[in-house]
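Okay, structure first, notes after.
The values are calculated or read from the model by the stated rules, or taken from the named source; none is laboratory data. Just so it is clear, the model here is predicted, and its values are computed rather than measured. Note: ideal-geometry Cβ built from the backbone for every residue, glycine included; neighbour counts use all protein chains shown. Remember, those area values only see protein heavy atoms, side chains included, never the ligands or the DNA or RNA. Shrake-Rupley method; radii C 1.70, N 1.55, O 1.52, S 1.80 Å.
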Amino acid sequence: MASLTPSRATSAAAPSGPVARVRNHDRSFGDTHVLRSVDLDIEPGEFVALLGRSGCGKSTLLRSLAHLDPPPVGEVEVSGRTSVAFQEPRLLPWRKVQENVALALLNSPERKQRFELAEQTLTEVGLTDKLDAWPLQLSGGQAQRVSLARALVSNPALMLLDEPFSALDALTRIDMHQLVIELWRRHSMAILIVTHDVDEAIALADRVLVMDGGRIAREWSIEPRRDDRAPSKPEIARIRAEMLSALGVHPTPANPNRKAVHKQGAA
Amino acid sequence: MASLTPSRATSAAAPSGPVARVRNHDRSFGDTHVLRSVDLDIEPGEFVALLGRSGCGKSTLLRSLAHLDPPPVGEVEVSGRTSVAFQEPRLLPWRKVQENVALALLNSPERKQRFELAEQTLTEVGLTDKLDAWPLQLSGGQAQRVSLARALVSNPALMLLDEPFSALDALTRIDMHQLVIELWRRHSMAILIVTHDVDEAIALADRVLVMDGGRIAREWSIEPRRDDRAPSKPEIARIRAEMLSALGVHPTPANPNRKAVHKQGAA
Amino acid sequence: GCGGDATGNEGAVDDNGKVDLSKVTLIVGDQKGGSKALLQAAGQLDDVDYEIEWKEFTSGPPLLEALNAGAIHVGGVGNTPPLFAAAAQSPIKIVQGATYGGTGDAIVVPSGSPIKDVSGLNGKTVAVAEGSSANYNLLAQLEEAGLKYSDVTVKNLQPGDALAAFDAGHVDAWAIWEPFTSQAEQEAGAKVIADGSELANGYVFQVASETGLEDPATKEALQDYLSRIARAQVWSQTHQEDWAKVWAQETGLSADITLAAVKKRKIQVVPIDQTVIDSEQEMADSFVANKLLPEEFDVAPFFIDDFNASTTGEQ
Amino acid sequence: MRRWVSPIAIIVIWQLLCMGGFIDPRTMAAPSDIAQTAVGLIKDGTLGAETLVSLQRVVLGLVIGGFIGLSLAVVAGLSRIGDDAIDPPMQMLRTLPHLGLISLFITWFGLGETPKVTLIAMGACFPLYLNTLGGIRGIDRKVLEAARSMHLTHRQQIRHVVIPGALPQTLTGLRQSLGIAWLSLIVAETIPTDAGLGHLINEAREFLQVDVIVVGLAVYAALGLTTDAIVRHLERKALAWRA
Amino acid sequence: MRRWVSPIAIIVIWQLLCMGGFIDPRTMAAPSDIAQTAVGLIKDGTLGAETLVSLQRVVLGLVIGGFIGLSLAVVAGLSRIGDDAIDPPMQMLRTLPHLGLISLFITWFGLGETPKVTLIAMGACFPLYLNTLGGIRGIDRKVLEAARSMHLTHRQQIRHVVIPGALPQTLTGLRQSLGIAWLSLIVAETIPTDAGLGHLINEAREFLQVDVIVVGLAVYAALGLTTDAIVRHLERKALAWRA
Ligand SMILES: Nc1ncnc2c1ncn2[C@@H]1O[C@H](COP(=O)(O)OP(=O)(O)OP(=O)(O)O)[C@@H](O)[C@H]1O
Ligand SMILES: Nc1ncnc2c1ncn2[C@@H]1O[C@H](COP(=O)(O)OP(=O)(O)OP(=O)(O)O)[C@@H](O)[C@H]1O
Ligand SMILES: [Mg+2]
Ligand SMILES: [Mg+2]
């Protein structure tokens, strides 16, 4: 049975409370326990990165936060609107690219200008020339960017991004980092991003979580300003080493500062 | 109309000739020219990496090499069997994981032991416990590994891997690198791998191509042995810088040697 | 099956032209409570030299359809279906006849109906199975009452459906034949405003396919079969109660209905002669006049009297 | 067009077989004879008028039955309770044979247009119901989830995901509903009427006019091709995204 | 089981309406009366025997028609030429009404089992054809490409991709073919026969034995539920991967 119950958007909670509050949350498929009493708070405007081995339950946690699964065991409260970029693009194949993005605004205040806003966001992800394409005509990275645009366009209180840059080349990836950071600054929404790239997590997030054994195993706050996170910086190097170690790989010498990578020519 | 014509496996050419020979190959969708008179030779046993911006035509070139598109404009000759890991997993949803992999052996000499071989390869990609799962029950990284296993299992003359590690965490990715290198050494097939990770390309390939404007814009041979490719090494650093520059990003200081990243504990 | 021109009995004739009846299968089209039931009840099926294969049809027209297609050799129908087959130049011949008199064909109205006679039907809705004997009766009755066929709204319905419509009050009157007349009277409280005793000929015919008649073996069996039919028809007249009982069993109608039906209709075997042909020609002309048949035609070629001797003893 | 090759080939071969005497004209009339009868029927206005009357009945029945079938499929396809409540009676009803229903329909609805249109609507309802239901069940859940994650309302999800997702199969259903509507017509027109294509065939059967029957069947076949062309056109438009 | 709630509720309400006198028994018999007639027919062996005879015809017709429909769909679904050659005649044939065909079938096949089974096979053929064809067209090309890239032969691709991929829709087609087979039966059994469920209903129609007609229809409805249960079972097995 296909369920149509739209993802619940709990009305804005007390302004001071967290955007997302997870307590004691369990999730299992048959006998396999994927999430084991997970606890997690995400504050409004916080940028959180989530790392973990393949199959450790990252996507499952995101689904819970997006209220896409049956009512959870434990508490999963999200106040305000969410948006999701899934691990696969999941575009509606029968709607053109622009409409796919515009649909995310169908029930938002910007309803009227949704096609303009969709076009604008698609331009920002570098797909001006694909507005009128069918999803099946896109390359892997293009589809991923449409999916990202769909999540970005609606300015939610909590944005859930599941490996949103995995199919992108280095340059496009940098562009997308900048775009996400800029949108995040402008609208101060909370973001939870899943990534496998430790350097990406450090470059983007305020807080980095590593999942293991079905729970949040470790977490780090990244205090320095975003333009001051050179891997050569001892504090960052230490955190980076700890993360890699938590992910099961021997830490390496400090990574060159990703921020030092600039686009060639004008943006 | 769905075409069932199996991907042609041209019978083994003159033993000395290239596995793949592309000349003057064009491909366009409507008005958009994606490939413009591409020339490419892949020698038997060669390990080639293909880089390029999102949407530049990498997957399209792979499809041509796998003879999945209508007879090409220009020459596209491949001698010997190919196998493909697509950018998306493309598992048959109605066959269990093990059978998905075993199907790749249905017409190969190892036909009889195909279930054992499938199990073995799935163990190598770390999915022993998912043999009996349906594809829809897999996480993103798990599905990607099944797809990889399906390409690896059949020991073809030419293996086409389209971003096969994009959904994998750092540790699993290292394991997969090792696995691919090991299989490549053992069976000395030719491999063409698409990746967005410059360091991955350097660590794995003998030759790196960057596509741009619908053709192979630049290429590098990586001469040092695979365990001697530390990014600090001047030759490697120069190549790395050139590649990044070719991809449109300002080169950065040499990257720490990826090979220095080891698994924690026993493999 | 036996489509096309073969009767399937060609092998029963030896080189001298002698027929071995034990090798003959006569394929007979029948209707519920028709020839088979009658022959059986009359004990006429006990000592038959050839085999009879029965094919049961829902009504006369499909039976003629099968005759036309050569799928059966012979079958019993009422007085009108052969006319329609003849009009279509179907390769058939009428080979035996009997009459029930016209009393079976009747026009009935619901019990409380204000319609008292046929002239009261003017502008009313009448159910009738087009091409049936009741159809002719309706034509004739209307003409007698000075009405045209077009003065009533005809609803073409087979008996079962007509009863449903009649019962539910969707039609004002119903032109019908036995045993449905009795069924309507007893089950739906219908009353008869006119029966065909004066106007309808009440014939029932055995009709054979030309291919069957052309094949000596089949023809020989046919001759015997027709004589049995004639004997059974006589029997049914002398054993009304027995026959009514069998008939009831066959059709699922109540014995009261069938007995009433049998009593109302006195069957009499008739030879195929000019009387019969004229009567049928008159009916055909009447159908043509009312545009139920496309164009005038001669019915005489569709009758043969070869079997009169064996059925009525007349020549 | 390529799609005409095979029907035309069949007709030509058939005509040649008849002319060559390989087919007994009493078994099967030649296409030329059928055409002649058809021309006659068209000239005297019969065929056109009969077809028009039937067309009205079919369209009306199709619209009513199709609407019911589609609506029930959407309800059954999208809610567990709807499925349990709607599907079993539908599975029972859909096997009811038209011929068996006629007596009851006459009793209930009389002899006018109602029982005829109801019969056609019943016939047309089920293929659309079953196929749309199957189509909805086959929709990729991942896409449906994406729509939910965008906070689309039920109605919006139906409009943007359920309907377009089930559409290919619904069109297969539409094809069959169109077919069944015409098939039902011939049964429906055994209920008294003085016009209609089904009536023409039924009457021809009664009066053994084999040529008229075959003309009637030919019109049916032509209608089959026409409706097929229409549905193909719809398909091309609606499934452009697959290209 | 939940799926029984709604049919039972319908029957109970119907019975209550009859008992309360809201439904004229001449218009529609009460379930209890129907049950009584049914018990009578079962006791004297009629119903069982008639159903059995019909079952044989239906199964035979279904197997033949289903096989033809499936095969043609696979050929038409997988090759352009096959599609152009097969589809147009199929689209013509599928609209041919059974009632109109009977005359011709009698001419061609006589009065035995052949025309009856042929009629049923024809009816059963088309839903399987259309749905399987639709199912094949709807198969994810990416998956089909994956199979091609593994160098599977045509036959292997059909076995491992085409059949399982089209299966959900083929099962929808099977549902309808089963239904249509039974519907065709009642028409087929107007061709002379002395036994069969359709024959039982046709006969009852002739003498307006409403209770027998309704029992016959009830058997049809029960058959509908039974076949539905069978197909549902198949579906559960064949579509386990969707879970
Ligand atoms: N529908 C399902 N049925 C059974 N098991 C499932 C299902 N969905 C997910 N799983 C299992 O749950 C575990 C967690 O899956 P999840 O998708 O959350 O992993 P992940 O952390 O996102 O991994 P990846 O990085 O590979 O995407 C996996 O082992 C997966 O096999
Ligand atoms: N079926 C199609 N119809 C029209 N355009 C297409 C189709 N398939 C691909 N394209 C276009 O061709 C171009 C090359 O696509 P391709 O998939 O080869 O890119 P790619 O290099 O693999 O990119 P990525 O890194 O994003 O996967 C893209 O611009 C894409 O939009
Ligand atoms: Mg995941
Ligand atoms: Mg690609």
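What the table below lists for this structure:
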quantity: Those helices (runs of 4 or more DSSP H) lying entirely in region A:134-237 with at least 2 residues within 16 Å of ligand 1 (Cβ to nearest atom); calculated: A:140-152, A:198-204
quantity: Residue among C:Gln223, C:Gln249, C:Gln274 that is within 26 Å of C:Thr7 (Cα to Cα) and open to solvent by 10 Å² or more (accessible area, probe 1.4 Å); calculated: C:Gln223
quantity: Conditions (1) within 16 Å of ligand 3 (Cβ to nearest atom); (2) out of contact with any Ser or Thr (no Cβ under 6 Å at 6 or more places or on another chain); (3) within 14 Å of chain B (Cβ to nearest Cβ); number of the one not met by A:Ala85; calculated: (2)
quantity: Any helices (runs of 4 or more DSSP H) falling wholly within region E:1-110 and containing at least 2 residues that are closer than 25 Å to E:Gly216 by Cβ; calculated: E:5-19, E:31-43, E:46-78, E:98-109
quantity: Scan of region B:95-107 for residues that are within 15 Å of ligand 1 (Cβ to nearest atom) and surrounded by 23 or more Cβ atoms within 10 Å (Cβ to Cβ), ordered by number; calculated: B:Val97, B:Asn100
quantity: Some residue of region D:163-170 being open to solvent by less than 10 Å² (accessible area, probe 1.4 Å), modelled with pLDDT of 90 or more and in a helix (DSSP H, G or I); calculated: yes
quantity: Unmet criterion (only one of (1) within 16 Å of ligand 3 (Cβ to nearest atom); (2) open to solvent by 10 Å² or more (accessible area, probe 1.4 Å); (3) in contact with a Lys or Arg (Cβ under 6 Å, 6 or more places away or on another chain)) for B:Phe165; calculated: (2)
quantity: Selection within region B:178-204 - within 12 Å of another protein chain (Cβ to nearest Cβ) and more than 16 Å from ligand 2 (Cβ to nearest atom); calculated: B:Asp199
quantity: Output for region D:51-95, where each listed residue is over 23 Å from D:Arg141 (Cβ atoms), within 10 Å of another protein chain (Cβ to nearest Cβ) and basic (Lys, Arg); calculated: D:Arg94
quantity: Some residue of region E:148-167 being closer than 24 Å to E:Pro7 by Cα and free of Cβ contacts under 8 Å to residues at least 60 places away in the same chain; calculated: no
quantity: Subset of region D:184-231 [more than 10 Å from chain E (Cβ to nearest Cβ), among the small types (Gly, Ala, Ser) and part of a helix (DSSP H, G or I)]; calculated: D:Ala188
quantity: Which numbered condition E:Thr46 fails, given (1) in contact (Cβ under 8 Å) with a residue 24 or more places away in the chain; (2) under 26 Å from D:Pro88 (Cα atoms); (3) among the polar types (S, T, N, Q); calculated: (2)
quantity: Residue in region E:113-131 that is within 14 Å of chain C (Cβ to nearest Cβ), open to solvent by 30 Å² or more (accessible area, probe 1.4 Å), of a type in the set (D, E, K, R) and within 26 Å of E:Val53 (Cα to Cα) present; calculated: yes
quantity: Candidate set from region B:35-74 (those that are touching a strand residue (DSSP E or B) at 6+ places or on another chain (Cβ under 7 Å) and hydroxyl-bearing (Ser, Thr, Tyr)); member that is surrounded by the fewest Cβ atoms within 10 Å (Cβ to Cβ); calculated: B:Ser37
quantity: A:Gln98 vs. criteria assigned to a helix (DSSP H, G or I), within 16 Å of ligand 4 (Cβ to nearest atom) and at pLDDT 95 or above; calculated: no
quantity: Residues (at the interface with another protein chain (Cβ under 7 Å from one of its Cβ atoms), of a type in the set (A, V, I, L, M, F, W, C) and within 24 Å of D:Ser177 (Cβ to Cβ)) located in region D:132-162; calculated: D:Ile136, D:Ile139, D:Val161
quantity: Condition check for A:Val249: in contact with a Ser or Thr (Cβ under 9 Å, 6 or more places away or on another chain), open to solvent by less than 10 Å² (accessible area, probe 1.4 Å) and not basic (Lys, Arg); calculated: no
quantity: Sole residue being open to solvent by 10 Å² or more (accessible area, probe 1.4 Å), more than 16 Å from ligand 2 (Cβ to nearest atom) and of a type in the set (Asp, Glu), chosen from A:Glu88, A:Glu119; calculated: A:Glu119
quantity: Breaking point among (1) open to solvent by less than 40 Å² (accessible area, probe 1.4 Å); (2) touching a strand residue (DSSP E or B) at 6+ places or on another chain (Cβ under 7 Å); (3) not hydroxyl-bearing (Ser, Thr, Tyr), for B:Glu77; calculated: (1)
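Matching residues to (1) of a type in the set (A, V, I, L, M); (2) over 23 Å from E:Leu183 (Cβ atoms); (3) at pLDDT 90 or above:
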{"residue": "E:Thr37", "(1), (2), (3)": "no, no, no"}
{"residue": "E:Gly40", "(1), (2), (3)": "no, yes, no"}
{"residue": "E:Ala49", "(1), (2), (3)": "yes, no, no"}
{"residue": "E:Asp83", "(1), (2), (3)": "no, yes, yes"}
{"residue": "E:Ile106", "(1), (2), (3)": "yes, no, no"}
